[in-house]
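Input: a single structure, listed below in structure tokens.
The values are calculated or read from the model by the stated rules, or taken from the named source; none is laboratory data. Values in this document were obtained by computation on a predicted structure and should not be read as measured data. Neighbour counts run over all protein chains shown; Cβ positions are idealised from the backbone, glycine included. All accessible areas refer to the heavy atoms of the entire protein, side chains included, with ligands and DNA or RNA removed. Shrake-Rupley method; radii C 1.70, N 1.55, O 1.52, S 1.80 Å.
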Amino acid sequence: MLSSSLRRSHDANGEDVVGTDPSFVIRYMTRPFEYENFTLLQMAKKYYFSKNRWHKSKVESIVRIIPELDGSELVENSEKWELYCRQQVLLHHHYHSLAEAIGECETWTIRYVDLGLAMNDSVNIIDLVDEEFEETEEIDLESEGVFLEEWMLAASMGPMFDYGQDVELGLRDFDTSHNWGECLERYPNIDIDRKFIHNHLGVTDDCNSELANNIVLVPLTHLSAQQRMAHDLVLASLHEQRPIHLIISGGAGTGKSTLINAIVHSAFILFHSNKAVRIMAPTGVAAFNIGGATIHHELAINAERKPSQPYIHISGDQCRRMQEDFKDTKLIIIDEYSMLGRAMLANVDLRCRDIFATNESFGGVSIILVGDMRQLPPVFDSPLYSNKGSYMQQCGTLAYSVFEKCIRLSYIFRQAGEEQASLREALHKLSDGTSTIEDWHMFKTRDYSTLTIEEMNNFRYALRLFPTKRSANEYNRERLIQLGRPIARIFSKNNCEIAAKAESDQAKGLEKSLCISVGARVMLRANLATHNGLVNGAMGTVVDIVYAVHCKSPFDSPLAVMVDFDNYRGTSFREGSNIIPIPPITSNWKASNETSCQRTQIPIILCWAITIHKSQGLTLDKAVVDIGEKESHGLTFLLYHEREGCKI
């Protein structure tokens, strides 16, 4: 790191001595083109900044660097060595941002070697600071002509300096002067491209008469005794046409998804229909992982309904359509049932009664709830084990009471050595409140502050998980700024003032305004094509932001945002890639005063970081986690339990 203030003193010969500081570094990164090939050290020695411009010094200054780092006395690959390499790169290489300084290298050590600075150490003679400094000269940035926009422009290039939270990203000169229409020529058929999902993926939720292609066929001989018991119990009830209401509970690695696949396959053989079993889940990610659909989509239940709102019957025409669609359905499986609230279960019960035209519980169809009640509770609803609440929640309690059978899967298939066995044991203790000091020490070994530089670098691009939206949003903002690229601010279009003021939760996930740039990590906020992986929670990277001719941010909305999704499966938009055009979509809802509201926006959000709630059901190779200052029901347990085998 460089010194934190500008120090000007005199050496023994009366010459100026200048210590580098953040304000000097920022001015260097925003230097005019004529100084393009000067390094930071060269500028510090030969130039000074005054009255809003650079001036050549009459006498070469002596530059003093803080902290004192002597490469010959440091152990390579140590933490101080990494700092030393960072310091040398920033001093002896020209750049306009920290991102440009480090280039494509993962560490400053690699960049130091790549630039050949190791070979030049012998000639890089820098006077280091001693303890006898003269009085520090404070700099008034405004009097020197450095305005907030310039400060922010430089500060946005890296984590080294603080930036003001009041500066509007996407509205800086750096952003608004960018040629946002430049990528349009790469998409000459953008009017057709932006309809790609509708034209090519719009009917993928209908699998016709074939077994869903994401169902893994599992020989029954491969099931554990507990799995086989559950499978045979369900198949016997289906064969006898006797409704069953069953809970299948088990932690991560106990084969819940395998059991679901086995039941679906056996039911397909029994009834010769892929609609004999309907697989549903509360969220898009969970539905995608098991090859199903969201409860809201499959049963036409408004996702924005509040627990206090009464049940609304579907219209006659819609009811007839759903009765035709569900005529072969014998069994409904709901995964991740810990997130299923009592009011929602009541809606499922009543909707099934409408569809199957009978007043029996769940319309006389068999229901299986799968999951682990120790995980996340429902959002804006009460968990199934509660006993107080609104009328609909009380109806949910009655519906839950018909589940008289439960099979607990305890045999764990996922085995990853002794370390994982210890983790599982510690997790079970965590879930029932019997953790020991030894367990704490084990979890402490994954404390980020105790990791080596090499381990930290391994997690440099890992997804961050936070307990609150605010923490996640702050981290996403920091990462967006660090890209050092022009940021597009995309304002939503709303039909009234109430809609314009509504938060994203009210607008079905659509943001009031959205800041993104090329290279930003984003998450889809709508279920566009569930069976293809384009679900609420699907993650990817922005490749292009396509504006029409003569249109630009923030005054216009883009025609589409090109996103390279991590786990897309379906028709290719561009051969050999998972790039999909995401156009604006429109959501409609009723405000509390019954005003009809409408919002149009690109359905994505930044996702270098997400909340722990949003991560349920995601499969991650590695993650960095902030569990917060206090435990919230199920958060810490879910966080570790769902990620056995994942680096944390």
- Task: Filter region 43-99 down to the residues that are open to solvent by 80 Å² or more (accessible area, probe 1.4 Å) and of a type in the set (Ser, Thr, Tyr), then identify the one that is nearest to Met29 (Cα to Cα).
- Result: Tyr48
- Do you know which residues across region 45-85 are assigned to a loop (DSSP other than H, G, I, E, B) and either within 42 Å of the chain's Cα centre (by Cα) or in contact (Cβ under 8 Å) with a residue 60 or more places away in the chain (or both)? Lys51, Asn52, Ile66, Pro67, Glu68, Leu69, Asp70, Leu74, Val75, Glu76, Asn77, Ser78
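Which fully enclosed helices (runs of 4 or more DSSP H) of region 254-313 have 2 or more residues being over 32 Å from the mean Cα position of the chain (by Cα)?
Here the list reads 256-271.
Of all residues in region 167-182 being closer than 18 Å to Cys515 by Cα and part of a helix (DSSP H, G or I), which is most open to solvent (accessible area, probe 1.4 Å)? Before the answer, list the steps.
Kept after step one, since they are closer than 18 Å to Cys515 by Cα, are these residues of region 167-182: 167-181.
Restricting the remaining residues to those that are part of a helix (DSSP H, G or I) gives 173-176.
Numbers: Asp173: 108, Phe174: 61, Asp175: 1, Thr176: 31 Å².
Once the filter is applied, the top-ranked residue is Asp173.
If only one of Ala507, Ala538, Ala529 is buried (at least 22 other Cβ atoms within 10 Å of the Cβ) and under 21 Å from Ala462 (Cα atoms), which one is it? Walk me through it before giving the result.
Numbers: Ala507 fails: under 21 Å from Ala462 (Cα atoms); Ala529 fails: under 21 Å from Ala462 (Cα atoms).
The unique qualifying residue is Ala538.
How many residues does region 510-526 contain that are among the acidic types (Asp, Glu) and surrounded by 21 or more Cβ atoms within 10 Å (Cβ to Cβ)? Break it down into steps so the answer makes sense when it comes.
Step one: of region 510-526, the residues among the acidic types (Asp, Glu) are 511.
From the residues that got through so far, the ones that are surrounded by 21 or more Cβ atoms within 10 Å (Cβ to Cβ) too are none.
Here the count works out to 0.
Within region 282-295, can one find any residue that is free of Cβ contacts under 8 Å to residues at least 24 places away in the same chain and either among the hydrophobic types (A, V, I, L, M, F, W, C) or in contact with a strand residue (DSSP E or B) (Cβ under 8 Å, 6 or more places away or on another chain) (or both)? Working first, answer last.
First, the residues of region 282-295 that are free of Cβ contacts under 8 Å to residues at least 24 places away in the same chain: none.
No, region 282-295 has no match at all.
Among the strands (runs of 3 or more DSSP E) contained in region 544-601, which hold 1 or more residues that are at pLDDT below 85? Please lay out each step first, then the result.
On the way: elements: 560-565, 579-582, 585-590, 596-601.
Where strands (runs of 3 or more DSSP E) fall fully within region 544-601 and carry at least 1 residues being at pLDDT below 85, they are 585-590.
Keeping to region 331-358, report how many residues are in a helix (DSSP H, G or I) and touching a residue at least 12 places away in the same chain (Cβ under 8 Å). First the steps, then the outcome.
The initial filter retains those residues of region 331-358 that are in a helix (DSSP H, G or I), namely 337-339, 342-355.
Remaining after also requiring touching a residue at least 12 places away in the same chain (Cβ under 8 Å): 337-339, 342-352, 354-355.
The qualifying residues number 16.
Based on what the data block shows, is Ala507 over 16 Å from the mean Cα position of the chain (by Cα) and in a loop (DSSP other than H, G, I, E, B)?
Values: over 16 Å from the mean Cα position of the chain (by Cα): yes; in a loop (DSSP other than H, G, I, E, B): yes.
Here the answer is yes, as Ala507 does meet what is asked.
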- Query: If you check every pair at least six apart or on different chains, which have Cβ atoms under 8 Å apart with a residue in region 400-416 that is over 26 Å from Ser386 (Cβ atoms) first and a residue that is at pLDDT 90 or above and open to solvent by 70 Å² or more (accessible area, probe 1.4 Å) second?
  - Reply: Tyr411/Ala225
- Out of all the residues in region 517-529, is one or more farther than 30 Å from Leu201 by Cβ and in a loop (DSSP other than H, G, I, E, B)? no
- Query: Pick from region 380-392 the residues that are loosely packed, with under 15 Cβ neighbours inside 10 Å and in contact with a Pro (Cβ under 9 Å, 6 or more places away or on another chain): which of them is modelled with the highest pLDDT?
  - Reply: Tyr391
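Does region 380-388 contain at least one residue that is in contact with an Asp or Glu (Cβ under 6 Å, 6 or more places away or on another chain) and not in a strand (DSSP E or B)? Spell out how you get there, then give the answer.
Going residue by residue through region 380-388, those that are in contact with an Asp or Glu (Cβ under 6 Å, 6 or more places away or on another chain) are none.
Looking through region 380-388, none of the residues is in contact with an Asp or Glu (Cβ under 6 Å, 6 or more places away or on another chain) and not in a strand (DSSP E or B).
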